[in-house]
1. Confirm whether residue A:183 is crowded, with 16+ Cβ neighbours inside 10 Å and either modelled with pLDDT of 85 or more or under 21 Å from residue A:64 (Cα atoms) (or both).
2. Looking at the range A:164-192, which of the residues that are polar (S, T, N, Q) and in a helix (DSSP H, G or I) is farthest from the other protein chains (Cβ to nearest Cβ)?
3. For residue B:293, work out the one condition from (1) buried (at least 16 other Cβ atoms within 10 Å of the Cβ); (2) touching a residue at least 40 places away in the same chain (Cβ under 8 Å) it doesn't fulfil.
4. Is it the case that the range B:165-173 has a residue that's assigned by TED's automatic domain parsing to the domain that holds residue B:68, more than 19 Å from the chain's Cα centre (by Cα) and of a type in the set (D, E, K, R)?
5. Filter the range B:19-54 for residues that are more than 30 Å from residue B:246 (Cα to Cα), modelled with pLDDT of 85 or more and surrounded by fewer than 23 Cβ atoms within 10 Å (Cβ to Cβ) and give the result.
6. So which pairs qualify, if the first residue must be in the range B:67-84 and within 14 Å of residue B:191 (Cβ to Cβ), the second must be polar (S, T, N, Q), the Cβ gap must be under 6 Å, and the two must be at least 6 apart or on different chains?
Amino acid sequence: MCSPRRGRALDFAAVFETTIDWERQLVARVEAGDDAALATIYDQYGALVHGIALRLVGSDTAADICQEVFVSLWNQPDRWDPSRGSLRTFLAMIARRRAIDHLRSSGRRTANEQRAHRAAPAIVPNVDEAALALVAGDGIRAALAGLPDPQRRAIELAYFNGLTFRQVAEATGSTEGTAKSRIRLGLRRLGEQLSITESVAWQ
Amino acid sequence: MNRDIDGLDDLDSRASEWGVAPVLAALAESDATSPPASIRSRLLERVAASPRAHAEPMPPGELYASRVAALQSLLAELDDDDWGCVASPYEWTVHGLIAHLLVIEQYSAALLGLGAMPLGDAGDHLALGADAIAAELEGSPQATVEHWSAVAQSIVDHVGSDRFDPDAPMSMHGWPFSVSSGLVARAFELWTHTDDICRATGRDTRSAGPRELRTMSSFSVSSLPFLLPSVDPDLPMAPTRVVLTGSGGGTFDIGGRGERAALVVTDVVDYCRVVARRIDPGELERTVEGDTRLVAGLLEASRAFAV
């Protein structure tokens, strides 16, 4: 991978392909029983997975979920299908599902309670991956801020506060169908903006 | 506001359907938070306690019989024209290659006490039984196949008999094998020549089963520390992890305990083709960390049995 420098363009498509290849080889190593490859994946995505769980559940449970996500990757590495998305996305989705499963089994918790548990952002070990993540994160947050207010608000409630579509509708004084439509359109617009922007000037 | 966790209809249940899962992962970057340091060690302890269940290695006799059957199946498909195709990397035709296998099977059978040793220099795998090969080429390919099948079957029958001793010594071409390891080496050659014939006759090569690959690759990798001095006496063996990816692969730690000096990752089938001298070590797609000279030496050593 290339190292980002001031004034250089970062080719997202190329970095994405390189990342997928890197992930594919690591998971192949996991399938072969190489625990060092699992450790590398954990070092790369552990903070992401843990952070996702921590937003939704308490710190002890988040740590357990984080561990379980990677144990599940070890036990069933073939569940990741590279043609359907990156390992990063796959692990992120599992983490959210596990956290929500925990909520289902343990009772109702408020999103604000969970947000109080948030800690400082982590430093992700792989420099180029971290750069990509930070650029992607900055980009998507900027794109989010640029959405029409109703779409942005609905996404914030659904994603960051973890509300259901019905709860988003109640909070915004709309119908459930309208809330759902705003979230879907807003997220698709965010995705389009990321994929359309193939290169980003490095600041 | 309380989260409605009953009758859930929310973003996570719709993310994949809407194709926005990557967007959610990107949003999650802002939440990345290092887990407690203890989680990493606990994770690796749990993984160590539940090592990967790989394909079960085949007993060597079963592996040999399986490769004999695979080659017989291929030979039964061949057309008249196929027998005259040159079986690269040799100068033999497909017919000649089967005649060579007949001689080597006779040699193996003789080592097991099942017949007479073929004439020629037993130390030279390719030159052994040259006259017998020439004689076979005077007859029909089908006759040679019958002769080879009969000798191979005698070995298969022996493996299933009370007289079979898998641990008995069996020196092949000067290599100090046991009978078991000798059978694996024979299976390796049969697999390789099955591939050779497929290529010579324009057929797709046929993958060996996971258990077969596991048995052959395990045999090869475990022998690497002992073979290394044969290619570089000055290169000391050191702890090395060999990761063979793909069905039938696995993770092997060789060279003793201690700090790992090298890691090499490659595809299990490609590795077996290096062992069989069908891929040059320099052309093998692999990932190497650590001592590259050691890895190069081990890959070169992996080919020591093949001729």
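1. For residue A:183, the condition - crowded, with 16+ Cβ neighbours inside 10 Å and either modelled with pLDDT of 85 or more or under 21 Å from residue A:64 (Cα atoms) (or both) - is met.
2. A:178
3. (1)
4. yes
5. B:34, B:36, B:37, B:38
6. B:70/B:194; B:71/B:194; B:74/B:194
Residues are listed down the side, and each one gets a yes or a no for (1) at pLDDT 85 or above; (2) more than 16 Å from the chain's Cα centre (by Cα):
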{"position": "A:48", "(1), (2)": "yes, no"}
{"position": "A:51", "(1), (2)": "yes, no"}
{"position": "A:75", "(1), (2)": "yes, yes"}
{"position": "A:91", "(1), (2)": "yes, no"}
{"position": "A:106", "(1), (2)": "no, yes"}
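This table checks each residue for (1) more than 10 Å from every other protein chain (Cβ to nearest Cβ); (2) more than 42 Å from the chain's Cα centre (by Cα); (3) aromatic (Phe, Trp, Tyr); (4) more than 29 Å from residue A:42 (Cβ to Cβ).
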position	(1), (2), (3), (4)
B:31	no, yes, no, no
B:35	no, no, no, no
B:42	no, no, no, no
B:48	no, no, no, no
B:54	no, no, no, no
B:66	yes, no, no, yes
B:69	yes, no, no, yes
B:72	yes, no, no, yes
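The values are calculated or read from the model by the stated rules, or taken from the named source; none is laboratory data. These numbers come from a predicted model, not from an experiment. Virtual Cβ from ideal backbone geometry, glycine too; neighbours counted across all protein chains shown.
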